[in-house]
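Rule-based calculations on the coordinates, nothing more; no lab input. No experiment lies behind these values; they were computed from the predicted model shown. Every residue, glycine among them, receives a Cβ derived from its backbone with ideal geometry; neighbour counts consider all protein chains shown.
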Amino acid sequence: MNNASSVQAIISADPVRWRLLQLVHSLGLLDCWIGAGFVRNAVWDYLHGRFPSPVSTDVDVIWFDPCRCTPTDDRALEAALRDLDSTVLWSVKNQARMHVQNGDKPYISTTDAMRYWPETATAIAVRWREGNTCEVSAPLGLDDLFNLIVRPTGRFAVEKKATYQERLKSKEWAVAWPLLRQESGLLTDSFEFGR
């Protein structure tokens, strides 16, 4: 089984995540996915030999529509999702506008936007498809995710390194998933991971 098939199997075996994918799909948004910790955490749990942890943080719904790219549009979609399931902290972001906030060149799609996220293992998303299947988007690949490597992407390895390191401290991933390894580029980083 390849890594994309493994992600599909992990997500489809989790009834909570599968139901949330269906709820997001029901909105009919263009180029719409659930990404980041929603997928990453489930895979890391699987690789640590345990059941997927509850969806306890925000659920990152990402989509791309240059014709509806105001924060008001995103807030309305968050409200619609809360009406469908109020137990989830929904975070909806149209990637057609997020390049401004992130100081990047304009993104051309949701998948393109994920290339600029802080870690390679986080730059992954899934969406429910007709026929009861799950599609995976991983513009930076799935190797780091499945090798339990936390590595910064592009600018987070250099000019945004302080932001990246602060993110590692605040997330405390090494506490929850002790088999993780932090790497910077091709070399192991000496930064004390997760503390």
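Observations on the structure shown:
- Fraction of beta bridges assigned by DSSP in the stretch 3-147 that are antiparallel (%, nearest 5): 65 percent
- Put in order of Cβ neighbour count within 10 Å, fewest first, the listed residues 137, 86 become 86, 137.
- Fewest-first ranking of 11, 62, 124, using other Cβ atoms within 10 Å as the exposure measure: 11, 62, 124
- With one equal scatterer per alpha carbon and no solvent term, the Debye-computed log10 I(q)/I(0) for the stretch 3-147 at 0.12 1/Å reads -0.45.
- Here the gap between residue 76 and residue 149, fully extended at 0.36 nm per residue and compared with their Cα-Cα distance, gives a gain of 22.7 nm.
- Note on the stretch 9-55: Rg/Rh from C-alpha atoms, Kirkwood Rh, equals 1.00.
- Gyration tensor verdict on the stretch 31-87 (Cα atoms; rounded if a/c is under 1.5, prolate if a/b is larger than b/c, oblate otherwise): oblate
- Computed 3J(HN,Hα) for the stretch 77-93, one whole-Hz value per residue from the Karplus formula 6.51 cos²θ - 1.76 cosθ + 1.60 where θ = phi - 60°, is 5, 4, 5, 4, 5, 4, 5, 7, 7, 7, 7, 10, 8, 7, 10, 10, 9, glycine and proline marked x.
- Taking the stretch 8-37 and a reference point 7 angstrom along Cα→Cβ of residue 130, the backbone N atoms nearer than 18 Å belong to 22-33.
- Close Lys pairs in the chain, defined as Cα atoms under 22 Å apart and 8 or more places apart or on different chains, number 9.
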